[in-house]
Structures are given as C-alpha cells and as structure tokens.
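Scroll down for the structure; my scribbles are underneath it.
Read the figures in this text as sums done on the coordinates, not as results from a lab. Bear in mind that the values here come from a model prediction, so they are computed numbers and not experimental data. When we count neighbours, we look across all protein chains shown, and the Cβ atoms used for this are built from the backbone with ideal geometry, even at glycine.
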Amino acid sequence: MTEWEPFIGYIRVSTWREEKISPEIQKAAIAEWARRNRKRIIAWIVDLDVSGRTFKRKIMRGIELIEAGKARGIAVWRYSRFGRDRVGNAVNLARVENVGGRLESATEPVDAATAIGRFQRGMILEFSAFESDRTGEQWKEVHAHRLGLLLPSGGRPRFGYVWHPRRLPDATVAGGWRLQEEWYEPDVASQAGPVLADFYMEHAEIGTGFKTLAEGLTDLGYVTTRGKRWTDTSLLRYMDSGFAAGYLQVRDNCLCPKDKKSSCRHWRRFLGAQESLISEETWQAYGERRKAVAKRPPRERNATYEATSLVKCILCKGAMTAHPNGTDAYWRCVRRDHGGDCEGVTATNSQLLRDIRQFLSDVAEGIDNAPVIPLHAPTKPTAPNPAEVRAQLTADHAKWQKALTRLITDYAVNPDRYPDEAYDEARKELEGNRDAALAELAKLDEPEEEAPKIEDFRPLVIGVLPEWETFTVQHRNAILQKVVRHILVSPRPSRYETSAEVVPVWAPVPKDTDAATEPSVTLEDMPDGIAWSIA
C-alpha cells in the first residue's frame with residue numbers, strides 16, 4: 001500500500017472584508033481534498049486577519065519545512081490564499097518547486113505538472129493580484145474621500161470619543177440602514193475624554209511614563225476600543241497620533257519599500273473635524289516632552305535620582321553617574337571611570353540635593369525682584385498670521401511650478417517658438433521664484449526660539465516647591481529638566497564637602513561652548529517616528 005504524501009494545510013483569512021472566508025470552511029475543504037487524493041496533513045498553519053499582499057506570514061515556516069524535506073507540498077483552499085503579491089508569489093513558489101515541492105488548491109483542480117496547468121495556475125494567481133490591486137485602489141479612493149471630509153481614513157471608534165457612524169441599523173427604513181452625518185463627540189459620560197486629557201497634562205508637566213499611565217487606565221476600568229487591556233505601546237501610539245488634539249495623521253507621499261510600510265515614519269498631520277480634548281499649548285508641551293525624552297539614553301528615561309542626566313564634570317564637561325553607597329550615593333565622572341584623560345571629580349548625592357533645594361528657594365524668592373510691567377506699557381507689534389503666510393507661500397509655489405510646467409511642455413511641443421537663450425532665461429527665472437517660495441516655507445518650519453527668561457520659570461518653581469517632598473523621584477527629575485541646564489561639579493574642597501554649581505536654563509551659554517556637540521533629534525531618533533511639525 002502506497003504511503004500517503006505528507007502535506008501542510010495552509011489557511012489564511014484576509015483583512016479585506018470580502019475575503020473573510022471562515023477558517024473552518026477552508027480547513028474542511030483542504031481535509032476533504034487530502035482524503036480524496038491520498039495526502040496526509042502533517043501540520044496546519046493558520047494566518048488570521050493577514051493580507052495576502054505581504055509574505056511576512058506564518059506560511060514561510062511551511063516553505064522552510066518543505067525545503068527541509070519534512071513535507072511534499074502546501075495545500076490551500078484557493079490559490080489566492082497563498083498570496084496576492086506578484087513578486088512574492090513567484091519567489092516563494094520557486095522556493096517550493098526548486099526542492100520538488102508542490103502548491104495544491106483544494107477547490108481549483110489544476111495539474112501544474114503540465115504546461116497548460118502551469119499556465120492556468122499562473123492566470124489564477126495573476127487574477128488574484130489584479131483583484132488585490134483593484135480593491136486597494138478602491139480603498140485609497142474611500143480613504144481620500146474621508147480625509148477630504150476631515151474624518152479619519154478608517155471609520156472606527158476612538159478612545160475618549162463617542163463615534164456616531166454614518167450608517168445606523170434601522171428596520172423602519174428601506175434597506176435596513178439609516179444614513180446620517182458622521183462625527184466624533186468627546187466622551188464625557190464615561191469620563192474617558194477628560195481622563196485622556198489629564199494624561200496628556202501629566203506626561204507633559206510631570207513626565208509620568210506611559211507604562212504607569214496605561215496601568216492607571218486599567219485600574220480605572222478602561223479598555224481599548226477593541227476591548228483589550230491598555231499597554232504602554234498602544235497608549236503611546238494613540239497619544240502620539242494627535243487625534244485628541246484635533247489632528248488627523250496620514251502617511252502619504254511615502255517612498256518606503258513595501259515591506260517597510262508598516263514602520264514608516266513619514267507622517268503628516270492636519271486639523272480634523274473632531275473636537276479636541278486638549279489645547280494646542282498642551283499638545284505642543286507634550287511634543288516637547290517627547291523630544292526631550294528622545295535625547296536621553298533609555299536607562300535615563302526612568303530617573304533613579306533627582307539629578308539624573310544633569311550632573312556634569314567641570315573639567316571635561318562629561319557626564320557623571322551615581323553609584324549607591326549605603327544610604328547615600330556618589331557621583332563620579334564617566335570619562336575617569338572608563339580610563340579617560342580626565343582627572344575626574346566626585347560628589348555626594350545628599351549634598352547635590354541640598355544645593356538643588358537651595359537653588360529652587362533662591363529662584364522662588366526672586367519673585368519680589370521681578371521687573372514691574374507698566375500699566376500702560378506699549379504693546380508689541382502684531383506679527384503676521386503664520387497660517388495666512390503659509391497659505392500665500394503655498395499658493396505662490398504652486399503658481400510658479402505650474403508656470404514652469406507649462407513652459408517646459410510648450411517648449412517640448414513647439415521648440416521653434418522659443419530661442420534657446422530666451423527659454424533658458426525664462427526657465428531659470430521661474431525655477432528661482434519657485435525655489436524662493438519653497439525656501440520661505442521651510443523657514444516657517446524653523447521658528448525662532450527666544451532665550452528663556454527667569455520670569456517664565458518662577459511660577460513653576462513657586463508652585464512645586466511646597467509639594468516637593470510629596471513628588472516621586474521621577475517627577476522631581478522631570479521638573480528639574482525644565483529649569484536646570486546642568487549641574488557642574490568641581491573638585492571637592494574637602495573630604496566631606498561637595499562643590500557644585502546649579503546652572504539654570506536661562507543662564508547665558510558660554511561662548512566657548514561648541515553648539516555642534518549638542519545632541520539633536522531627527523525624525524529617525526523620535527520614538528515610533530513621531531514628527532511634531534504640523535503641516
């Protein structure tokens with residue numbers, strides 16, 4: 001009796017709604033095919049809610065089993081379950097067949113051992129790719145239409161909001177559906193909206209981590225819109241999207257490879273139709289906090305000490321790290337610890353804390369010396385509206401680009417109409433005007449930063465100083481990050497005394513400081529690729 005050939009049964013349920021074929025139906029069809037054709041299913045591989053446009057799926061394990069000689073082929077319900085990507089289908093089918101394996105369909109009897117059979121299978125796979133492309137184009141049109149209405153490209157609930165969809169079930173209406181205007185309303189009834197707004201403030205002002213915030217949501221009884229438990233990653237991504245700030249986030253004009261689309265960081269934001277839960281000031285403060293966190297090494301984002309990432313050696317301007325020593329801790333120069341050329345300095349953590357408290361007290365007491373603003377002081381001249389300036393520059397850029405396109409097109413069709421010198425001169429002038437408008441637009445994305453003033457920080461210090469002892473170490477560190485540039489430690493005058501200088505952020509930057517050594521944050525450095533310049 002001939003032994004039954006070992007095959008792998010593969011089941012895939014796509015994310016496209018028209019492809020949600022029950023896994024049970026697929027499994028039953030494959031099992032019946034195996035029984036009729038004397039095949040033995042040695043393993044089942046199931047991909048749930050996975051698109052066939054990618055091969056980052058469990059099916060790759062099945063291909064590896066065939067290459068290892070543990071199976072003779074893969075059986076699918078239809079060839080479209082194998083994949084809908086032309087290149088991926090060809091590459092992975094070649095891997096299967098190069099080692100003598102086969103791809104079989106339980107509902108499409110094709111003999112791929114013959115030329116006509118391979119042609120039929122190729123046509124089926126090509127038609128599957130065509131259907132995928134067509135469906136993708138339709139979804140792009142739907143997404144573009146929704147974005148034009150200032151709605152999210154994918155209509156679904158959002159945490160902190162009550163979603164009022166466009167279609168509502170109604171048995172009294174023909175077709176069973178009632179159409180209405182779609183909108184998102186802040187969820188005040190369950191307090192989800194106010195809680196989310198408070199979390200933005202808590203992260204921006206105090207620096208509470210996303211893990212702690214996610215645990216707080218769970219403790220309050222909130223779950224995601226999919227009914228799952230909140231995690232630090234899911235909360236971070238949702239808060240970074242800016243939906244609660246009134247923005248929509250889209251990824252367009254992306255040139256990333258297809259297999260990198262899911263991790264693409266080229267986001268663009270614009271105001272949507274939903275009512276914001278937080279103010280623009282809170283959103284910007286949240287973004288600044290995220291940038292500040294991106295500059296710091298991961299081990300310094302959850303501060304162990306109040307002065308974490310602030311203490312520097314005055315000799316080499318290098319960082320210093322704390323080392324526990326009983327009830328206290330010693331700060332030592334990193335360069336000296338690693339065999340560098342610095343002589344090194346040390347400081348006790350307890351003395352640094354006393355210096356920090358003294359610094360905060362001095363700042364708070366200086367409120368009496370703040371300059372008095374006259375009652376009838378002249379007002380500053382009103383600056384041009386940035387939105388209007390941007391709109392005008394955008395229109396100018398489009399105008400010059402269209403004029404340049406018309407010139408080039410007309411010259412290509414009627415080259416004799418323009419002398420070469422006149423054409424080159426006109427083209428350069430239009431290009432110059434277009435590039436000038438583009439350069440002015442770029443300047444708008446680089447706002448001039450005013451030097452910080454001590455008066456801007458006194459209210460913060462005065463507010464937190466009475467409650468200083470009630471804050472956690474992480475909260476104190478987050479507050480110090482706002483008002484302290486660094487703490488310079490000098491050689492100790494005695495064994496039991498630390499010499500340290502707390503340098504505030506409003507202090508003048510020394511001229512010999514090399515600005516090029518300051519760390520900068522690029523789009524690639526940001527966590528999850530969040531860009532805070534709003535288009």
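When ASP420, ASP328 are ordered from fewest to most other Cβ atoms inside 10 Å of their Cβ, what list results?
ASP420, ASP328
Taking +1 at the Cβ of each Lys and Arg and -1 at the Cβ of each Asp and Glu, which of TYR423, GLN392, ALA437 sits farthest along the dipole of segment 386-444 towards its positive end, judged by Cα position relative to the Cα centre?
GLN392
Report the far tail of the P(r) of segment 386-444, meaning the percent of Cα-Cα pairs longer than 15 Å.
That fraction is 52 percent.
Roughly what would the spin-label model give for HIS145 and LYS58, points 7 Å off Cα along C-beta, in nm?
3.6 nm
Using per-residue counts of other Cβ atoms within 10 Å, averaged over each peptide, order 33-42, 111-120, 476-485, 65-74 from highest down.
The most tightly packed comes first, giving 476-485, 65-74, 33-42, 111-120.
Work out, step by step, the length gained on full extension between GLN284 and TRP163: first 0.36 nm times the residue separation, then minus their alpha carbon distance; give nm to one decimal.
Once the chain is fully extended between GLN284 and TRP163, it gains 41.0 nm.
With Cβ to Cβ distances under 12 Å as the rule, what net charge do the other residues near VAL99 carry (K, R +1; D, E -1)?
Value of the local net charge: +1.
Given N residues in segment 5-135, what is its alpha carbon radius of gyration divided by 2.2 N^0.38 Å?
0.96
Where the only charges are on Cβ atoms (+1 Lys, Arg; -1 Asp, Glu), what is the dipole of segment 5-135 about its Cα centre, to the nearest 20 debye?
Here segment 5-135 has a charge dipole of around 280 debye.
What's the local net charge at ARG167, with K and R +1, D and E -1, over the other residues with C-beta under 11 Å away?
0
Sorting check: for 121-132, 82-93, 167-178, 239-250, which peptide has the highest mean count of neighbouring beta carbons within 10 Å, and how do the rest follow?
Descending mean neighbour count gives 239-250, 82-93, 121-132, 167-178.
LYS428 to VAL473: FRET efficiency via 1/(1 + (r/R0)^6), r the Cβ-Cβ distance, R0 51 Å, to the nearest 0.05?
For R0 = 51 Å, the calculated efficiency reads 0.25.
Tell me, what is the FRET efficiency for PHE127 and ARG237 to the nearest 0.05, using R0 = 30 angstrom and their Cβ-Cβ distance as r?
Calculated value: 0.25.
To the nearest 20 debye, what charge dipole does segment 185-295 have about its Cα centre, counting +1 at the Cβ of each Lys and Arg and -1 at the Cβ of each Asp and Glu?
Dipole about the Cα centre, nearest 20: 880 debye.
With label points built 7 Å along Cα→Cβ from the Cα atoms of LYS453 and ASP170, find their separation and express it in nm.
Going from the LYS453 label point to the ASP170 one covers 5.8 nm.
Of GLN284, ALA273, ALA294, which is farthest along the charge dipole of segment 185-295 in the positive direction, counting Lys and Arg as +1 and Asp and Glu as -1 at C-beta?
Highest projection toward the positive end goes to ALA294.
For the pair LEU438 and GLU365, how long in nm is the line joining their label points, each one 7 Å along Cα→Cβ?
Going from the LEU438 label point to the GLU365 one covers 5.8 nm.
Distance cut-off 21 Å, Cα to Cα: go down the list LYS58/LYS140; LYS39/LYS70; LYS27/LYS228; LYS56/LYS228; LYS140/LYS291 and report the pairs above it.
LYS58/LYS140; LYS27/LYS228; LYS56/LYS228; LYS140/LYS291
Quick check for you: which residues of segment 105-131 have the amide N under 17 Å from the point 7 Å beyond the Cα of ASN37 toward its beta carbon?
105-125
Rounded to whole Å and sorted largest first, list the principal axis extents of the Cα atoms in segment 146-189.
32, 29, 13
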